[in-house]
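Please read the structure below before turning to the comments.
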Amino acid sequence: MDIARRAIEAIADAQGIDAVLLDLRGLNDMASFFVIVTAPVDRHMEALSLEVSRALFAMGAKKHHQEGDSSSGWVLIDFGDVVVHVFSPKEREYYGLEEVWSEGKVVVRMQ
């Protein structure tokens, strides 16, 4: 939970839009938490991804892998129990992760 909360703080610092922290414990085997955020432009998506990675690395979290880039509209950063999804507005709407994982508990929502 500490890693997930730090990810949300880093996103707030980098002015992410409509950030959500979902608690998925007990719902799947791949991650305990999803952090989902929107970035309106490519440069902001890159900045958010970098800021989250730096913040979590500084607290000792290990990044398992990262997929996607700003040109794809979706960057996924896997920290094991915490997976961060940075979306363009169009891709976030298209994939609808909050609806897919609607059984998850919303721990934090920042507009």
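The values are calculated or read from the model by the stated rules, or taken from the named source; none is laboratory data. All values reported here derive from a predicted model rather than from experimental measurement. Using ideal geometry, Cβ is built from the backbone for each residue, glycine included, and neighbour counts are taken over all protein chains shown.
Numbers below:
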read-out	value
Subset tally (residues that are of a type outside the set (Asp, Glu), assigned to a loop (DSSP other than H, G, I, E, B) and farther than 23 Å from residue 93 by Cβ) for the stretch 1-39	4
Enumeration of residues in the stretch 74-95 that are of a type outside the set (D, E, K, R), farther than 18 Å from residue 33 by Cβ and without any contact (Cβ under 8 Å) to a residue 24 or more places away in the chain	94
Subset of the stretch 69-87 [closer than 19 Å to residue 22 by Cβ and in contact with a strand residue (DSSP E or B) (Cβ under 7 Å, 6 or more places away or on another chain)]	74, 75, 76, 77, 78, 81, 82, 83, 84, 85, 86, 87
Residue match in the stretch 35-44 (condition: modelled with pLDDT under 95 and over 18 Å from residue 16 (Cα atoms))	no
The one condition in (1) of a type in the set (S, T, N, Q); (2) under 13 Å from the mean Cα position of the chain (by Cα); (3) crowded, with 17+ Cβ neighbours inside 10 Å; (4) outside any helix (DSSP H, G or I) that residue 49 fails to fulfil	(4)
Matching residues in the stretch 1-46 - criterion: being of a type in the set (Val, Ile, Thr) and exposed (fewer than 15 other Cβ atoms within 10 Å of the Cβ)	41
Complete set of residues in the stretch 40-64 that are in contact with a strand residue (DSSP E or B) (Cβ under 6 Å, 6 or more places away or on another chain) and either of a type in the set (A, V, I, L, M) or closer than 17 Å to residue 95 by Cβ (or both)	45, 48, 49, 52
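For every residue, the table says whether it meets (1) out of contact with any Asp or Glu (no Cβ under 6 Å at 6 or more places or on another chain); (2) over 23 Å from residue 28 (Cα atoms); (3) at pLDDT 95 or above; (4) part of a loop (DSSP other than H, G, I, E, B).
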{"position": "55", "(1), (2), (3), (4)": "yes, yes, yes, no"}
{"position": "60", "(1), (2), (3), (4)": "yes, yes, no, yes"}
{"position": "72", "(1), (2), (3), (4)": "yes, yes, no, yes"}
{"position": "76", "(1), (2), (3), (4)": "no, no, yes, no"}
{"position": "83", "(1), (2), (3), (4)": "yes, no, yes, no"}
{"position": "103", "(1), (2), (3), (4)": "yes, no, no, yes"}
{"position": "108", "(1), (2), (3), (4)": "yes, no, no, no"}
